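Only one structure is covered here, and it is reproduced in the block below.
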Amino acid sequence: MKQIIVLGGGYGGVLTAKKLAIRLKNERDVRITLIDRKPYHTLLTELHEVAAKRVDEDSIKVDLKKIFAGMKNVEVVLDEITEFDFPQRLLRSEARTYRYDYLVIGTGSKPAFFGTPGAEEHAFTLWSYEDAVLLRERFTEMFRRAVKERDPIARAEMLSFVVVGAGFTGVEMIGELAEHVEELCKAFYVDRADVQLHVVDMAPKILPILPDRLIQKAQRHLEKLGVNISTGLKITGVKPNAVCLGDKEIASRTVIWTAGVEGSELAGKADVAQQGRKRLLTNDKLQSVDRPEVYVVGDNIFYIPEGEKNPVPQMVENAEQAAPIIAHNIEADIRNRPKKPYKPSFHGTMVSIGSRYGVANVGVPGRMFQMTGFFAMFVKHFINLFYLFQVAGFNKCYSYLLHEIFHIEHRRSFLGGHFSKRSPNFWLVPLRVFVGVMWLIEGWEKLLKIIEDPNKIFLIPAPWTDGTSGASVAADGAGEAAAAVQALPVPGFIDSIVKGSMDMMFYTSDGGFTALASIFQTGMVLAELAFGLMLIVGLFTAPAAVATVAMGVMIWSSGMAAPEMLWYMFAGVALIGGSGSTFGLDYYAYPMLKKVWKRIPFIRRWYLYAD
């Protein structure tokens, strides 16, 4: 049995394990084990959203066992590795020893303090789920204490927040906090002018790897949010109530350190070649230069691609591109095939400054596009969805959209609050029942006509023998010529498509109707009865509402829809939102079906469910 161990459940580790599982799914003598000390994968790029209370804390976690549900060749183990034994190919924790044939190290990174006095002791960090939750509580606590504080100096310290580091993490954190502060000021009756927000960096400008045009736009937006920007200043220390910038201080009891990262402690202890800040030196196949059976992924990689001067950056896209190369090379080694070199091609960078504004420099090498505002935020969300689809398919993408757009509060979405207002479903109950009764009456009256004369076709226009549409009249919403009611107009191209379809399916050469016409008519009548009843009792209300809209569109496209069909269709659209969950059978049916649905192996394998 070949044992592959992926150490670390971060971006690189999760993607590598998934790619390996897919490539080696038919290899019965290969076992993949992912080891992490936490049971969940954390979306580190979204930590600022939790810290500033834009989204719920659960939105940035993905259960590791959910990620690998249905992948029988992957085992998730919760443990904390403390020691590498490379000569024996062993990993050790306090409780167990793990043997491997191939090892993928993806233990990530941690904040680097560069020996700054007091930074590690007094500054907050933003590098884990726990960090984000702690900061969220800290912001609220400072406001709660400040409103009771009589000493103006102490109060000012509590209402001052400083982010050290003006890279992506720092700018995203201060931008998000600037929006959150507006809500905290309202909640605690604090004047916004009393709150001071600072972002500081020793670099000469914020977001230094972006083009100057985007840097200027980002800076202007931060200033518009009330953020004080200080660059080109050396950070000489952090105190419990201040950050030291050369010979001056900024008073603050909440200093957030985002000034840089280094490899994890475990990676730093690995007895293999390292460069940079605890990064593991690899060859172009992403193997450790000392141990060919050891591969490195994500932030732990130190590799300078051919033609480049700097090592690959410590960002998510590096992990996303490295993972499939490592999976391919391990498979190639097992099957004695040639390996592939790592040739990354990065597609740019994006940074959000609050929930509604961002800047992005994206594209392909040699052709980059600069975006700001709505389009930059759209790209950021699209890239997040693309990653989440790889990790947990529909399930996590749906959850992401709920957190970021549909359940958002205080309009903190790049779409504002247009999609986030939720009304109680009980207001739709009368409409649901009324629409159901109307469809039921329609179907019942038509059913009586069918029983009276099964050969009479009244839901399909007579053949077009005079060159007209045959739709200038409509009766009781179904198209009989008994009542002279002008039908809703139909565009010519739709009319011609419908005519062609009906000629093939419903009309005989002698001007009569085919057997399919009778089947279609009976099916439509039964559908009206069934969907009417479903709406009345509130069972599968959303699908029933969609079906009624579809029936309305079919009747309209045939040229037989009376004007009243418009309200049938628009009322159906209004009911799609789930009105059956109030005083309806959906209240009982959906929870039971969700439990059954999630147990189906195929559904779990492809994440085709919502939590």
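Bear in mind that the values in this text are calculations on the coordinates, not laboratory data. Quick caveat, the model's predicted, so the values are computed rather than measured. FYI the Cβ positions are ideal-geometry reconstructions off the backbone, even for glycines, and counts take in every protein chain you see.
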| said: Per 0.36 nm of contour for each residue apart, how much would the distance between ILE451 and MET504 grow if the chain were fully extended, relative to their Cα-Cα spacing? | reply: 16.4 nm
| If R0 is 25 Å, what FRET efficiency do you get for ARG37 and PHE406 from their C-beta distance, rounded to 0.05? | 0.15
| request: For ARG367 and VAL77, compute 0.36 nm times the residue count separating them, minus their Cα-Cα distance, and round to one decimal in nm. | output: 100.1 nm
| field | Within segment 249-323, trypsin sites (Lys or Arg not before Pro) in DSSP loop having at most 11 other beta-carbon neighbours inside 10 Å | value | LYS309
| note | Cross-link reach from LYS449 to lysines, straight Cα distance under 30 Å and at least 8 residues apart if same chain, gives LYS499
| task | Rounded, prolate or oblate: pick one for segment 185-252, where a ≥ b ≥ c are the square roots of the eigenvalues of its C-alpha gyration tensor, a/c under 1.5 means rounded, and failing that, prolate if a/b is larger than b/c, else oblate. | result | oblate
| task | List the relative contact order of the chain as a percent without decimals, with contacts defined as Cα pairs under 8 Å and 6+ residues apart. | result | 12
| note | Options [x] 24.0, 74; [y] 22.2, 69; [z] 31.2, 100 for Rg and Dmax of the Cα atoms in Å; the value derived from the coordinates is listed as [z]
| message | If you filter segment 285-358 for GluC sites (Glu not before Pro), then keep DSSP loop positions with at most 13 other Cβ within 10 Å, what is left? | response | GLU306, GLU308
| task | Report the trypsin sites (Lys or Arg not before Pro) located in segment 149-193 that are in a DSSP loop and have at most 15 other Cβ atoms inside 10 Å of their Cβ, or state none. | result | ARG150
| task | Could you list, in their original order, any pairs among LYS66/LYS309; LYS2/LYS38; LYS38/LYS594; LYS2/LYS340 whose Cα atoms are separated by more than 30 Å? | result | LYS66/LYS309
| query | How much FRET efficiency would the formula 1/(1 + (r/R0)^6) give for ASP290 and LEU585, where r is the Cβ-Cβ distance and R0 is 41 Å, rounded to 0.05? | reply | 0.05
| query | For segment 119-259, what does the alpha-carbon gyration tensor say about shape, rounded, prolate or oblate, given a ≥ b ≥ c as the root eigenvalues, a/c under 1.5 as rounded, and a/b over b/c as prolate? | reply | prolate
| said: Could you tell me the center-to-center distance, by alpha carbons, between segment 257-312 and segment 596-611 in angstrom? | reply: 38
| request: Can you spot the aspartates and glutamates whose alpha carbon is less than 17 Å from LYS217's alpha carbon? Ignore those fewer than 8 places along the same chain. | output: GLU172, GLU176
| said: Could you tell me the center-to-center distance, by alpha carbons, between segment 1-70 and segment 82-97 in angstrom? | reply: 21
| field | Helix 515-537 axis, angle to the chain major axis (alpha carbon atoms, nearest 10°) | value | 60
